[in-house]
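The values are calculated or read from the model by the stated rules, or taken from the named source; none is laboratory data. Model, not experiment: these values are computed from the prediction. Quick reminder, even Gly has a Cβ in these numbers, built from the backbone with ideal geometry, and neighbours come from all protein chains shown. Note: areas computed on protein heavy atoms with side chains; ligands, DNA, RNA excluded. Shrake-Rupley method; radii C 1.70, N 1.55, O 1.52, S 1.80 Å.
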Amino acid sequence: MASTTKELAFKGVPFIRIYKDGKVERLRGSPYVPPSPDKDPETGVSSKDITISHNPNISARLYLPNLPQNQIQKLPILVYFHGGAFCVESAFSLNAHRFLNRLVSEAQVAAVSVEYSLAPENPLPLAYEDSWAALQWVASHSNNQELDGKEDPWLAKFGDFDRLYIGGDSAGGNIAHNLAMKAGLESLCGGVKVLGAFLSHPYFWGSKPIGSEPKGEDFENTLEYKGWDVVYPSAPGGIDNPMVNPAGEGARSLAGLGCSKLLMCVAGKDQLRDRGVWYCDLVRESGWKGEVELFEVEGEEHCFHLRSETETENVKKLLKRLASFLV
């Protein structure tokens, strides 16, 4: 008699299970929530969903703070990339939406939260390509660039393209790093420059542990180690590919970061904490000409600010630090 039990190909608890028949079961991910075109009741922030491209399929949720009526005020622009190990979560999920409402209100920025392709159905580097395309689309609003009718009035009216920022959490922080490196090589539309990047609890890893990371087999059994091959199975160099290990073989010098300032945010109880500190050291040692700062919230877990239903004191600390960076 044939067994009805499906065979697992990969068990990535707490995020994902992949079965040998190709089925993907996502174990984590906050629920979808609609935008708030008539203003979020708690923060007064307005949001709407837009389509950037149909081929490839790229969309985003845009956010605008509560501004005085009939006042046109140019705002810094943040292009944000959500976390979720490259395989769960969404720009339209509760966690990302709640966090962006809080951050946009605190920092008084216009934000574009990018919906990029998720692995394993759409393996890396697709998420990087989607995110770069979204950043180019945002930049194309500068200098009245021709957008074939696809321009967004919020960005055109309120965006200050001399203050363009990128940032993200966890996998999104990894995306922000890789886009900053790409921006050091390739120009954005209209000659727009990325002023700054924040990396919040970013996902970096490698073949050898550093700091307080697990050792031996425990290290190789971490989700950070095993999951990379699932989300980017064709990555040259595997877990030492420069996309996930900025010091991996063949990696470009971090002196090539294409922005002027960098904020690294880490949490004391996060397994990724030591990688964030190490990354800052690498940037400083590279001879990069920009300003780099490390901000740590002690006693907190990975991406605590995204899961917090209320604005705790530590959530407020992080929001205020990000707001002081996004100026």
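Going by what's in this entry, would Asn122 be described as free of Cβ contacts under 8 Å to residues at least 12 places away in the same chain, polar (S, T, N, Q) and either under 30 Å from Asn241 (Cα atoms) or in contact with a Phe, Trp or Tyr (Cβ under 7 Å, 6 or more places away or on another chain) (or both)?
yes
Looking at Val297, is it open to solvent by less than 10 Å² (accessible area, probe 1.4 Å) and under 18 Å from the mean Cα position of the chain (by Cα)?
No, not satisfied.
Would you confirm, using the coordinates I've provided, whether Leu78 is surrounded by 19 or more Cβ atoms within 10 Å (Cβ to Cβ) and either within 26 Å of Leu318 (Cβ to Cβ) or touching a residue at least 12 places away in the same chain (Cβ under 8 Å) (or both)?
yes
State whether the residues of the stretch 217-229 include one that is open to solvent by less than 10 Å² (accessible area, probe 1.4 Å) and either at positive phi or outside any loop (DSSP other than H, G, I, E, B) (or both).
yes
Can you confirm whether Ser36 is polar (S, T, N, Q) and within 20 Å of Pro202 (Cα to Cα)?
Spelling it out, it is not the case that Ser36 is polar (S, T, N, Q) and within 20 Å of Pro202 (Cα to Cα).
Just give me the residues in the stretch 11-49 being open to solvent by 30 Å² or more (accessible area, probe 1.4 Å) and not in a loop (DSSP other than H, G, I, E, B), in sequence order.
Lys11, Arg17, Tyr19, Val24, Glu25, Arg26, Tyr32, Lys48, Asp49
Do we have any residue at all in the stretch 303-318 that's within 19 Å of Ala180 (Cα to Cα), modelled with pLDDT of 95 or more, open to solvent by 50 Å² or more (accessible area, probe 1.4 Å) and not basic (Lys, Arg)?
Among the residues of the stretch 303-318, not one is within 19 Å of Ala180 (Cα to Cα), modelled with pLDDT of 95 or more, open to solvent by 50 Å² or more (accessible area, probe 1.4 Å) and not basic (Lys, Arg), which makes the answer no.
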